[in-house]
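The structure appears below as structure tokens.
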Amino acid sequence: MTEPRTITLLIVDDHPVVRDGLRGMFAADSAFTVLGEAPDGVAAVALAERLDPDVVLMDLRMPGGGGVDAIAELTRRGARSRVLVLTTYDTDSDTLPAIEAGATGYLLKDAPREELFAAVRAAADGRTVLSPAVASRLVTRVRTPAARPVDDTLSARETEVLALVAKGTSNKAIAAELFISEATVKTHLTHIFAKLDAKDRAAAVATAYDRGILGGPGTQKS
């Protein structure tokens, strides 16, 4: 029986105490290996390119090079590493630009240990994890005066699919849970992206929270 692979990490934060805490947390679990640490985005890009970690835990606001610019540069370089944003302030206005820059997941630093671990695993698998608390703060950034598509109403099945995407569920797992094929899941996602004018899973989830489709500060749905 093949043992689960170890997920490798790069921790990026300008506070040494935070880096030490995160390193200690992950070091206590054999499922993770911290390859290195960086105090800013510029150093993060260089280290990520050299160490090739599975996941980069990225703070957003750092002197000497912010997280958004680092994410955009890693995306431009075609880095294999997935970026999981770990931010202190849920009002951080850099969070939505981080989504657009290519980040895979978004959590607050007060997230419980198990939630963080689950998010890292999901990010390593390329699955989107968007904290509802962070999503609710994205609302004002997602709203723009630009006209939205006329046909922006999701079907019941599309809403089910998007709700599972918001939990970090893979296409394969969504297919199994809803008793449909992976091809059908992908078709639903294509329709969801078009209706919500979203370019990827993270943007679709953020927009869905904004519009109250998945709950949020607007018309919360059960």
Quiz prompt | Cα lying deepest toward the dipole's positive end in region 1-124, options A123, V18, G105, charges on Cβ | solution = A123
Exercise. Once you have the Cα-Cα distance between D125 and T88, take 0.36 nm times their residue separation minus that, and quote the gain in nm to one decimal.
Key: 10.9 nm
Quiz item: Check L214: other-chain or 5+ apart residues with amide H under 5 Å from its amide H, H built from backbone geometry?
Solution: Y209
Self-check item: Residues whose placed amide H lies under 5 Å from that of T33, excluding near-sequence neighbours
Solution: I7, T8, L9
Exercise. Output ³J(HN,Hα) for region 179-192: one whole-Hz value per residue in order, computed from phi by the Karplus curve 6.51 cos²θ - 1.76 cosθ + 1.60 with θ = phi - 60°, and x for Gly and Pro.
Key: 6, 10, 7, 4, 4, 5, 4, 5, 5, 4, 5, 4, 5, 4
Quiz item: If amide H atoms are built 1.01 Å from N in the plane of the peptide, which residues on other chains or at least 5 residues away come under 5 Å of the amide H of M62?
Solution: G67
Quiz item: What spacing in nm lies between the two simple spin-label points modelled at S30 and A194, each 7 Å away from Cα in the Cβ direction?
Solution: 4.9 nm
Exercise. Could you give log10 I(q)/I(0) at q = 0.16 Å⁻¹ for region 154-208, computed by the Debye formula over C-alpha point scatterers of equal weight, without solvent?
Key: -0.38
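Here, each number is a calculation from the coordinates, and none is a lab measurement. Computed from a prediction, not measured in an experiment: that's the story for all the values here. Cβ: placed from backbone, ideal geometry, glycine included. Neighbour counts: every protein chain shown.
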